[in-house]
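Read the structure below first, then the notes.
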Amino acid sequence: MRFMARLLTATLVAPLLLTAFPDGAHYQTASAEAAILHGTTSAAPHVEKSAALNAEKKAKPPAASRVAIVIDDFGNKMKGTEEMFRLPVPITAAIMPFLVTTREDAEKAHSLGLDVIVHMPMEPNQGKRSWLGPGALVSTMTDAEVRQAVEKAIDSVPYATGMNNHMGSKITADERIMRVVLTVCKERGLFFLDSRTTYKTVVPKVASELGLPILHNDVFLDDVYSASHISGQLAVLKRLTKEQGDCITIGHVGVSGLLTSAALRQAASSMDGIRFVRASELLPISAEEKLILPQS
């Protein structure tokens, strides 16, 4: 199953890339975290195949790898918002709760047939809490306070079928807190996308124990705010699709919004052998059937 393959990738496989950078400023980018781990599957053992199987393989064209583009930080009239919504390929809109255009952006994304997920603010290892925005999870919260905060955040984002973390290098490494977060997600029918802002993430372990469908980020596109860096990260993404198949990449509205949207528009027409999909399409069918169906 694709879900189990991605889970094993996140927990068992040696890192392909380790990108280090400081925590970001004022809820503009979750990619500004202490350490990002991009995993890839290890080489499979050699298996002898019959001539018939080889012939069948040659007869079938290779399936296109699927890529889900997740755009973080919707909900606050950030630069690049409209440009992201006008991209010629589907995106998944990760929308921060309790902000001025939270509901508006969720309704717009839903009307375009896009996935909507809650971009849940979570405490990082470094940085000011004021950077997180309202409703953030912090390590001093009790289980009851965590549950209440997560439920309120979900309620504030219409049509949400999933959740990912905004920053959160400290929280996603905290098993107690993440058990509450993921339990609420399961109760509400949401999948969880681990943005992977720390290599110490406990999300795969806890989600496996709870039986919750999860996905994980493979590449941050715009952790450095330059067109050349974003292009380089798209090249990394393309290489990963050849090595491991399906991938998830995260970009942002805000400081890098215009640069990222322009790079994605160009990539949409130039990345051969890749099919762009919503994040939920990378879930196993059995998991997708359990998701909340957005109200029309």
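The values are calculated or read from the model by the stated rules, or taken from the named source; none is laboratory data. The structure presented is a predicted model; accordingly, all values stated were derived computationally and were not measured. Here the Cβ positions follow ideal geometry from the backbone for every residue, glycine too, while neighbour counts run over all protein chains shown.
Listed here are the residues, each with its yes/no results for (1) crowded, with 16+ Cβ neighbours inside 10 Å; (2) more than 30 Å from Ala263 (Cα to Cα); (3) without any contact (Cβ under 8 Å) to a residue 12 or more places away in the chain.
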{"residue": "Arg129", "(1), (2), (3)": "no, yes, yes"}
{"residue": "Val138", "(1), (2), (3)": "yes, yes, no"}
{"residue": "Arg147", "(1), (2), (3)": "yes, yes, no"}
{"residue": "Glu151", "(1), (2), (3)": "no, yes, no"}
{"residue": "Met167", "(1), (2), (3)": "yes, no, no"}
{"residue": "Lys186", "(1), (2), (3)": "yes, yes, no"}
{"residue": "Gly211", "(1), (2), (3)": "no, yes, no"}
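Identify the residue in segment 259-280 that is of a type in the set (Ser, Thr, Tyr) and within 14 Å of Val67 (Cα to Cα) and, among all such residues, is modelled with the highest pLDDT.
It comes out as Ser280.
Looking at Val138, Val157, which is the one that is farther than 28 Å from Ala68 by Cβ and aliphatic (A, V, I, L, M)?
Numbers: Val157 fails: farther than 28 Å from Ala68 by Cβ.
Result: Val138 is the single residue among Val138, Val157 that is farther than 28 Å from Ala68 by Cβ and aliphatic (A, V, I, L, M).
Can you tell me which residue is surrounded by the most Cβ atoms within 10 Å (Cβ to Cβ) among those in segment 153-165 that are part of a loop (DSSP other than H, G, I, E, B), out of contact with any Leu (no Cβ under 9 Å at 6 or more places or on another chain) and not aromatic (Phe, Trp, Tyr)?
Filtering segment 153-165 down to residues part of a loop (DSSP other than H, G, I, E, B) leaves 157-161.
In the following step, the residues that additionally are out of contact with any Leu (no Cβ under 9 Å at 6 or more places or on another chain) were identified as 157-159.
Those left that are additionally not aromatic (Phe, Trp, Tyr): 157-158.
Values: Val157: 27, Pro158: 17.
Per the stated criteria, the residue is Val157.
Just give me the residues in segment 70-119 being hydrophobic (A, V, I, L, M, F, W, C) and farther than 21 Å from Asp223 by Cβ, in sequence order. Explain how you work it out, then say what you get.
First, pick out the residues of segment 70-119 that are hydrophobic (A, V, I, L, M, F, W, C): 70-71, 74, 78, 84-85, 87, 89, 91, 93-96, 98-100, 106, 109, 112, 114, 116-118.
Phe85, Val89, Phe98, Leu99, Val100, Ala106, Ala109, Leu112, Leu114, Val116, Val118, listed by residue number.
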Item to complete: Select from segment 66-80 the residues that are surrounded by fewer than 24 Cβ atoms within 10 Å (Cβ to Cβ) and charged (D, E, K, R) and list them in ascending order.
Response: Arg66, Lys77, Lys79
Fill in: strands (runs of 3 or more DSSP E) wholly inside segment 183-296 containing at least 1 residues that are farther than 27 Å from Val146 by Cα, within 17 Å of the chain's Cα centre (by Cα) and not basic (Lys, Arg)
247-252, 274-277
Worksheet item: If the Cβ limit is 9 Å and pairs must be 6+ apart or interchain, which residue in segment 231-247 that is over 12 Å from Val67 (Cα atoms) pairs with which residue that is hydrophobic (A, V, I, L, M, F, W, C) and assigned to a helix (DSSP H, G or I)?
Response: Ser231/Ala263; Ser231/Ala267; Gln233/Ala263
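For every residue, the table says whether it meets (1) of a type in the set (Gly, Ala, Ser); (2) surrounded by 16 or more Cβ atoms within 10 Å (Cβ to Cβ).
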position	(1), (2)
Ala207	yes, yes
Asp218	no, yes
Leu221	no, yes
Val224	no, yes
Gly232	yes, no
Asp246	no, yes
Val253	no, yes
Ser256	yes, yes
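What number of residues within segment 169-182 are touching a residue at least 60 places away in the same chain (Cβ under 8 Å) and part of a loop (DSSP other than H, G, I, E, B)? Spell out the reasoning first.
To start, the set of residues in segment 169-182 that are touching a residue at least 60 places away in the same chain (Cβ under 8 Å) comprises 169, 181.
Subset that is part of a loop (DSSP other than H, G, I, E, B): 169.
Within segment 169-182, residues that are touching a residue at least 60 places away in the same chain (Cβ under 8 Å) and part of a loop (DSSP other than H, G, I, E, B) number 1.
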